[in-house]
Each structure stands twice: as C-alpha cells, then as structure tokens.
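These notes are about the structure you will find just below.
The values are calculated or read from the model by the stated rules, or taken from the named source; none is laboratory data. These figures come from a predicted structure and were not determined experimentally. Quick reminder, even Gly has a Cβ in these numbers, built from the backbone with ideal geometry, and neighbours come from all protein chains shown. These accessible areas exclude ligands, DNA and RNA; they are computed on the full protein's heavy atoms, side chains included. Shrake-Rupley method; radii C 1.70, N 1.55, O 1.52, S 1.80 Å.
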Number of protein chains: 2
Amino acid sequence: MSSVLEIIPLGGIGEFGMNCMAVRYEDEMLILDAGMGFPEETAYGVDVCIPNFDFLEEYRDHITAIVLTHGHEDHLGALPYILKKFNVPVYCSHFTAGLAESKLEEHELTNDVLLHRVEPRDVVDIGVFTVEFIRVSHSLVDCFSLAIKTPVGTIIHTGDYKVDETPVIGEPIDLRSFRRYGQEGVLALLSDSTNATVPGRTPSERAVIPAFEEIFAEAGGRIIVAAFASSIHRLQIVIDIAQQFNRKVCVLGRSMQKNVEISDRLGYLDIHDGLLVSLNEAKQMRDNQIVFLVTGSQGEARAALSQMATQSYKGLMIDEGDTVVLSARIIPGNERLISRMIGMIYKRGANIIEEKRRLVHVSGHASQEDIRIMTEAVRPKFVVPIHGEYRMLFRHKEFVKNHLGYAEENIVLIENGDVLELDGERAAVVGKREIGRTFIDDTGFEEIESETIRQRRQLAYEGMITLVVTINAETGELQSPPEIVTRGVRGFDSTNGSLKDAQRVVTAAIAGASRQTLADESLLKEHVRVELKRFIQKLTGARPVIMPVVVQV
Amino acid sequence: MSSVLEIIPLGGIGEFGMNCMAVRYEDEMLILDAGMGFPEETAYGVDVCIPNFDFLEEYRDHITAIVLTHGHEDHLGALPYILKKFNVPVYCSHFTAGLAESKLEEHELTNDVLLHRVEPRDVVDIGVFTVEFIRVSHSLVDCFSLAIKTPVGTIIHTGDYKVDETPVIGEPIDLRSFRRYGQEGVLALLSDSTNATVPGRTPSERAVIPAFEEIFAEAGGRIIVAAFASSIHRLQIVIDIAQQFNRKVCVLGRSMQKNVEISDRLGYLDIHDGLLVSLNEAKQMRDNQIVFLVTGSQGEARAALSQMATQSYKGLMIDEGDTVVLSARIIPGNERLISRMIGMIYKRGANIIEEKRRLVHVSGHASQEDIRIMTEAVRPKFVVPIHGEYRMLFRHKEFVKNHLGYAEENIVLIENGDVLELDGERAAVVGKREIGRTFIDDTGFEEIESETIRQRRQLAYEGMITLVVTINAETGELQSPPEIVTRGVRGFDSTNGSLKDAQRVVTAAIAGASRQTLADESLLKEHVRVELKRFIQKLTGARPVIMPVVVQV
C-alpha cells in the first residue's frame, strides 16, 4: 500500500460526461476534473447529473487539490458541488477560471474558494505530486494536458485534445513538452477516446473558414449561426468573417452571451469596436448587414434557435431569405429534436447549412492519427483509454494495439470506480469502489435522491391511485365509502362503473379483515392496497402505484 | 365539392411512422396504409402510437376499403385498431396478408376481416377508384406502389421503395408499369421521402453479400447477426451464406422467429432442409458450425442481442471469439442504447462489425437518384413528397425543383390533416382536419387517453403528494392532524421537520377558512391544496402534483 499510486475514475469511463478522477499516493489525493453529465432521465425533472462523491469522504483529510484540464461542462460542471463538500484549492487556466467563477457565483461560493490560475508550462508542487500544465488544442481555449510526476513515475492525463497546428486563437498544441516527457519516461498515458473510432486526423479549427466565407458571400439575407457557446475558436471565425463582409454581429442566448463576455473580457476573443450590436440595433439593420450568433444547435426547445424557428425569440423569427448555419455536431440522443427543428426552419422558408452538406463544423477531439501522434510523443509504458463510452475505449485499445505496437498487457481498460494500482512496473485493477451518479434537480440545482427518481419513474409508467379509508378506531368499521382518487391511470375511472366496483372490493376487504389487521394501521393499509391492486390488475392489466391512507376517527 | 379529389394524410407527413392517408371522391373514401408510430413517450408506459381515426367517423358509410402497400409496422401496425372501428375489406399482397393475419390474431379479429390477396399488376375496381398494384423493391418482400385511377386523373402512391434491379428475393421493381402510367398521364405522384437527403443511388439488397462472405470466411467462432426481423432479403442472404460456409442457422427472438416462419411458409424464403436448428441443437454444435440470427439491432433491452451481451439469453452469452454483425441502420433516437450495447459486446471480448466499418446494411428507401428514376418514369403533373420528417420532405422538394426541372407550384408540401384538393388542373390545400395521435398502452394494447399521458408526465416531473384532511361535518373542525404522503418529491419529508411544518400550515389554513369554504368540499380541497403548494414551493422551489382528499365524519 505504501509505495503504489492509485487511479480511481469517478466518472467519464464508459460514458460521455462526468469526467472526474482521483489520483492517490499514500495520504495525498488529487482530483482531476469535476464534470457534469447529461442523463436520459429528463422526464423525471433532472437534466444534469454529477459523480457521487460519497466515497471521497474517507479521504476528506487527504484531498489536496482539484486540477482542471479545461472549462467544458463535462469537466467543470460538478465543481460547485464537490467544493461544497471538500473545499480545497483549484488549479486551472485563466479562461477555465473565468468560467469557473461564473459557476461559483451562481452557487454563491465565490468568496470561499481558492482558484489558482496557471500558465502553460507552469509547474506546480502539490504535496508529493508535481503537476505541469501542457498546452493542448481543443474546441475551447486555454486547455491543458496534465503531466503529473509521482513517486512511482510520471503520468500524463491528456484532458480533451486534438493535434491542431493552426488553431484560431492562441498557440498550437505543445508537442515539444509531450516529447520531453516521453524522453524522460512516462509510466502511464490517460488518453481521450472520444473520437477513437474516427480514422485520420481531426481537421484544424481553421478548416471551417472556407465554408463560412462561401456562405457569407452567397447569403443575401440574414445569417444565423448556431454553435456551441463554448466553441470559442468558432465564434472568433464568425466574428472575423462578419467583419470582412461588413456585417454586424448580434449574440443571442444566455450561455452564448456569457461566454462571449468572458472570453472578450479575458482577451481571448478579438472583436473590433462597434462590431457587436444589441438585439434592438440588429432589428433596425438591413438583412444583409447582420449575423446572429445563437444558442440552440441541439434543438433545445427553450434555446434561441428553436424559438426563432417555431414562434419568436424576443420578437425575432426566422423568415424567407435567411440562411441558418448549424455549426455543431449532433450530440447522440438529440437527433429527433434537431431533425424536427430543421424541418421547422425549412417550413419558415429559410436555407439551412448542416455539417453534412458543408464543412461548417470540426470536432475538438483526437482522431486515430492524433492519437498516434500523442502516443508516439509520450511513449508511455501503459496506455489507459479514458473519456468515452466502452465502444470508444475498446476501439482506442484496438488502435493502439494494432497500429502502435503496444502489447495487450500494456493497454489497461478501466471502469468507473476501478482502483487502478501502479507501482512503476505493473498496472492492475486491484479493487472496485462503489461509484454512482447523483442527479441534480432542474428547479433548485440541488442534489436529488435516486430513490426519488425511482419513485417518479414508477408514477410515470402507470400513474397512481390514492385510496383513503376512514375507520372507526373502536369498532374497526368503515365510517364512509372508501375514497379513490386516480391520476394517470388507464381504464379505471368514474365513467365506467369500475370505481364503484373498486369501492365495493375495498369495503368487502375491510369487512373481512381480521381483528389483528384492523388494529394495526400498517397491516390494514397493506391489506386494502393488495386487494385494490388485484382488482385493478384483473380489470385493466395495469399496475399503478397505490397509496393507501387510513384515517382513524 | 362534387368533382374534386381529396387527399388527407392522417399520419406519416412531418414524422417517421404512422403512415396513413385517406383518398376521397364524393361519397367514397379509400384508406391507404394504416401504420403505427414509435413515440418518445416511452417513460409514460406507451411504446406505440397510431393515427387518431376520429375524423373518419363522419365518413363511416363512405369508407370502401383499406389498401396496404406493404407489411412494415409503420404501414400495417394500426390495422387492427382501424378495423375495430371500420370493418372494411383490406387489399394487400400475399406476404403483407401473412403479417396482417398474425396481427389480427393477436387482436382476435381473424374471422371478422375480409383480406383480399392481390398479385403484382392486378387491377381492382373499388367503387369509383381503380387500383393497380405495381411491384416495387424494398427491404421487405412483396411490396407495392399503388396506381389509383380516379375521375380527376391518376395518382400514384409509391409506398416505400427503392430502385433495385437485383433484389435477392423476387423480381426487380416494375419500372415498365410506372412508365406506362407516365405515358398515359399521371396527375400526382405521392412519393417516399425517407432518403431524400441522400445523394446517389441506394445500393441493391445484394450489395451486402461480399461483406458477409468476408465475415464468414474470417470468423473462427460463432457468428451472431442482428437484423430487422422484417429484412427478408437480408435473412435470405445470411441463410445462403451460412449454407455455403457449412454453418447451421438458429433463429432467436420472437419477431424474427415469426417472420422466418411466415416467409418460409409462404414460400418467400428458400431454406435448405436441416439448415435451421433449435437453440438446444445450436448449443451442442461447435462454434464454427453455427450462425445466430437475432433480434435487437436497436439495443432494445429485452431483445435477444442485448440480453446475450449483458446477462444471458436462454443460457446463451456472447463470448470471446464471437463475431457480432449489426446488419441494420440506427433508428434516430436509439444511438445511446446501441452504443451502450456495442460497449457491452466489446466487454465480452467479441468482435463487432457495424455498418460504418463494412457494408453490412443497405437502406430500403429511394435515394435522390432513385427519386429521379421514379419521377422521370411517372412524369406527374404534381409531386407530393410523403413519408418523412419535414426536413426530408423539403429536401425532396428541393431536389425535384433543382434537378428535375419542376416548377415550385407543381411540388406540393402537405401536413398531416391537410385537405389537398385536386381537380385535374389545380392542387391546393383547402382545409385542415383535426388529426392527432392515439397512444397504445404497453400492457393491454388498448388505446389510452392523451389526458392520462399528460397526467403521467406531470407526476413524473416532480412527484406527487396526497393530502388527507378529516373534518367534523358539523363543526368544520379538523378531527386529526392532516395526513401527508409523498412520492417522488424532493426535499420534503419526515426527516427534516418540513412535514410537521406542512401539517401546521394546513391546520392553520383550515382554522382560518371561511364558513363557506368549510361547507363546500371542493372549495376546501382547493384551499388546502393551494396553501400546501405555496409552502412547498417556498421551501424547495418544486411544484409537485398535490391531490387533496377531504373526509367528512
């Protein structure tokens, strides 16, 4: 135990999102990233989930810092929640800090948190660990890989990256530093698998410029560009080309406005004076003088683009002559929403440019040839695929094995909660921690019990029935007919006489109940619940939730 | 009114699935197809929806027949439901009839329905309409387009089709008949848009043979092919290649077994004696002697493939050395499920062949160049894109306009419920019928009210609370503390004292209620509901459903 390194992913392995990982040596633990995820349980009032941090409790006094690779929600979004439990210093880039601060403000945590802003190539000692921040390219700006020197060897955590020699903002990926570590010897490379199924190289952020120039040259009317608010390079491209084509830019949607504001304030975006205009100014301008930069590329009903397509967004509606550019990928699960939105836009008479028709989007993640470049620069002893569903992790392994000459035993596939032990020679999963997800409620940004979600799922599936029986506490006799109230229940209501039949069933059940049952409220509840359940199941085949209430008078 | 044709789509326009259309002339109405759809409301206990047939009630005496193009669920699945309402004769191919019969049996309708089996090129008079059944190629067998002669001109409804000159089973698409109608003059072509965004030609069903031959040649262990149970050409290919490579075929999954049985019985599949083996026989065989043909290509949790990947399907589990072929497209909305299943299969150590890596699937729908062939064969006066989301309908229109020289006014985009009027010269939407969907309950195959679904959605979102107050009927005083029972509610329970606070709030509300409120049960219910709602919203921000019950004693 005393001379090994432990790596324990809390999220992001075998799933997209919730990237978070503990790195532990003796009584010191670093947390790398604290991301949120986007669960499928939206019907149950939750849009967001975070790793369950419970297992960290036993290491409360050992956690020394949280280190963030970059500012995307799936790496940063759980930060307020983990900081509420473990208030430790945070290390990240200036831009990531800008996004983090805005998040901490929403949770009223700003004054309680120590945020260390670091530069590329900064080297920071955090207890037994020495962390170097290595600049990588990605769709966001100011992103890092982490090189962590530990007593058993150096591990490199890539974060999200691609090998972009010509980013729009800032300098290219710092391959020289990766090679330096490679020469010194790297024990393990924890490496982004998001695009491990994609052959070839991921195009540079600049690759979309020609398509945008064409679109601007062709468009006679308004141009509406929908992109991820965090695609800062993309925003700069649209801003530059707008300038070039004498159009003003109007930014719409809360997250887009926030990110433009932060990146502008911190000097990441280069915006000519007077280029940005307000919505009111934009409405006064001729159609060929304006570009709208908007949220909603995923078809989200409440975002700017969907509202412009279906009704009106602050008085703005998509119309004939408009050109809409969907400058984003389709996140799996959103296909139907997006397809429907595209239909609505066509219906309004506008032209649509999608990724499939022109190169208006590039990924921010390493494809197979990027993975080759990274892996050969670092030449680690062990490759540990991270970030992605199992499908991507396995394809990552396959690629490294078949194309980079790694032996099976030097590629380690792990799962959330696995305790991966490294001693400098060996890498092995030696244990498993109980790891889960915690849902965050839509309305209060509070954690919500998974039991609550389970109950909601049950209610949703076949509805529910409240059954109230009023009993004379002394005689055990019914005082009035049982009250039965239904919600979301099929084939059982007051219109077809079945409600009356059910009342008779419950009445008979009480009349036939033993003295013991009548004397014990919980026995009585269960007794009438089971009888009513049988009756309804026989009548309709359904099994709604039944909540019995016994009133003693 | 008297000399026009009306075309009224009940489903399938602006959506995938639920294909159904009414064609009306004076007091005669044909129904073309009766398909089901697959809604997103699965959380609420419904996997299936059908068109709402209510508006047909006023034409009850006019409906003369239902004509089916082919047997896919999205064209056939609503047949039992519409026949229960309107028992009219059905015209369809032999194979479609086989599938229809099996469906009618499930609904115990077999003896009540008149099924007319027709051959390609059969011409049937149905009142004022004359319908010719034209053979088309598709992923299913025995599929028709319909040429319908009406008093105002001929309309052609393509059904689902592609232009396949070399299908595996049966003869190629009967382009000659389409051209014959084209020469005689066609008023309107109602034409499949599913693949209208896809350039080029759709490959022949035979196009997957080389990939399958390679896979069979390479595989040393078991082969598991997952396909749509209705892809009959595909099943024949797998059967043929299994024979060629000396493997036996074991068919797993209810719908796959049913379709193999029906197509074999009706002579569509050509299966060597002894080729099919039972699961028990298959288990006895060596790994390189067997192919499993299974359901579950969409990652459905209860289907054979998912179960083989995660636990065990009747004692069968995917293992190292197995080759799994996903010989199907990904239906939009299923991406996450499928990706997760692929991960599980990799985890089991098996090899997976997906559509992206080899040509193991081709579409059954017309791509743009197929649409060109069809449209130029028929040369209709009007093109009416059908079958697909708006996105596809609009791209269909764009293609016909830009590449086939059709004028804007000769391409008619319609929506579900639109009344498209044709008089031989003009085509115009002259009205709109109220059309909706009807959900079918998972457990009983019964229709379910949309109000019920609305209630389930509400319960799911924030849970619910039952509030029981027991009142002395004479004095209006509370007889005992209010009972509050919660289900799926966040941040409000007995552990944090909030339940007691809520009881106090309700008690105070009753004490402060007017005589009038106390005397009127519904007023009193609403009074306590609103007070409790305010309390909870202030406490947690949430707004669960509150069901008040008043017991008078």
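How many Cβ atoms of partner chains, on average, are near each residue of B:126-134 if near means within 10 Å of its Cβ? Display every interim value, and only then the final one.
Working: counts 0, 0, 0, 0, 0, 0, 0, 0, 0.
Per residue, the average neighbour count from other chains is 0.
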Open item on the list: Between 0 and 90 degrees, rounded to the nearest ten: what's the tilt of helix A:254-265 against the longest Cα principal axis of chain A?
Closed with: 30
TODO: Could you work out how far the C-alpha centroid of segment B:300-314 sits from that of segment A:13-41, in angstrom?
DONE: 30
Task: Flagged links, alpha-carbon separation over 31 Å, of B:K432/B:K533; A:K84/B:K533; A:K533/B:K533; A:K533/B:K84; A:K162/A:K314; A:K85/A:K432 - done: B:K432/B:K533; A:K162/A:K314
- [ ] Report which residues of segment B:469-497 become buried by 30 Å² or more of accessible surface when going from the isolated chain to the complete set of protein chains (1.4 Å probe; DNA, RNA and ligands ignored).
- [x] B:E483, B:V485, B:R487, B:G488, B:R490
Open item on the list: Under 21 Å between alpha carbons, and skipping anything fewer than 8 positions from B:K381 in its own chain: which lysines qualify?
Closed with: B:K149, B:K397, B:K401
Task: Area buried, chain B against chain A - accessible surface, total, 1.4 angstrom probe, square angstrom - done: 5800
Open item on the list: I need the shape label for chain A. Rule: rounded when a/c is under 1.5, else prolate if a/b > b/c, else oblate, with a, b, c from the alpha carbon gyration tensor.
Closed with: oblate
Task: Whole-Å distance, taken between Cα centres, linking segment B:43-105 and segment B:133-156 - done: 18
Task: Rounded, prolate or oblate (a/c below 1.5 giving rounded, otherwise prolate when a/b exceeds b/c) for the protein assembly as shown by Cα gyration tensor - done: rounded
TODO: Provide the per residue accessible area, probe 1.4 Å, for segment B:303-382, rounded to a whole number of square angstrom.
DONE: 37
TODO: Write down Rg/Rh for segment A:375-422, rounded to two decimals, with Rg from the C-alpha atoms and Rh from the Kirkwood relation over Cα pairs.
DONE: 0.95
Task: Cβ neighbours within 10 Å from other chains - mean over B:195-201 - done: 1
Task: With DNA, RNA and ligands ignored, accessible area of A:T150 (1.4 Å probe; Å², nearest 10) - done: 20
- [ ] Counting helices only, and only those DSSP H runs with n ≥ 4, report the 222 nm mean residue ellipticity of chain A as the sum of -39,500 (n - 2.57) divided by its residues, in deg cm²/dmol to the nearest 500.
- [x] -9500 deg cm²/dmol
Task: Distance between segment B:374-398 and segment B:427-471 - C-alpha centres, whole angstrom - done: 34
Task: Cα-centre dipole for the protein assembly as shown with unit charges at Cβ (Lys and Arg positive, Asp and Glu negative), debye to 20 - done: 340
TODO: Just the number, please: carbon plus sulfur as a percent of the accessible area of the protein assembly as shown, 1.4 Å probe, no ligands or DNA/RNA counted.
DONE: 45
TODO: Could you work out the relative contact order of segment B:463-552, using alpha carbon pairs under 8 angstrom and six or more residues apart, expressed as a whole percent?
DONE: 40
TODO: At 1.4 Å probe size, with every protein chain present, just tell me what the per residue accessible area of segment A:173-263 comes to in Å².
DONE: 35
TODO: Report, in degrees rounded to the nearest 10, the 0 to 90 angle that the Cα long axis of helix B:335-347 makes with the longest principal axis of chain B.
DONE: 80
Open item on the list: As I understand it, the value is the acute angle between the Cα axis of helix A:521-540 and the longest principal axis of the Cα atoms of chain A; what does it come to in degrees, rounded to 10?
Closed with: 80
TODO: Could you list the square roots of 5 times each eigenvalue of the Cα gyration tensor of segment B:157-221, that is, the equivalent ellipsoid semi-axes, sorted largest first and rounded to whole Å?
DONE: 34, 14, 8
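Is the C-alpha gyration tensor of segment B:463-552 telling us rounded, prolate or oblate? Criteria: a/c under 1.5 is rounded; beyond that, a/b larger than b/c is prolate, otherwise oblate.
Cα axes put segment B:463-552 in the prolate bin.
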Open item on the list: 5 Å is the cut-off here: which amide hydrogens, built 1.01 Å from N in the peptide plane, fall below it relative to B:I353, excluding neighbours closer than 5 in sequence?
Closed with: B:V324, B:V325, B:L326
Task: Shielding score for A:540-547, defined as the mean number of other chain Cβ atoms within 10 Å - done: 4
TODO: Output the relative contact order of chain B, whole-number percent, from Cα pairs under 8 angstrom with separation of 6+ residues.
DONE: 15
Task: Shortest-first nm distances, A:K84 label point to equivalent points in other copies (7 Å, Cα→Cβ) - done: 4.8
Task: Average accessible area per residue (Å²) across segment A:55-128 - probe 1.4 Å, nucleic acids and ligands excluded - done: 41
Open item on the list: Can you report the principal axis dimensions of segment A:74-143 using only the alpha carbons, biggest first, rounded to whole angstrom?
Closed with: 32, 32, 19
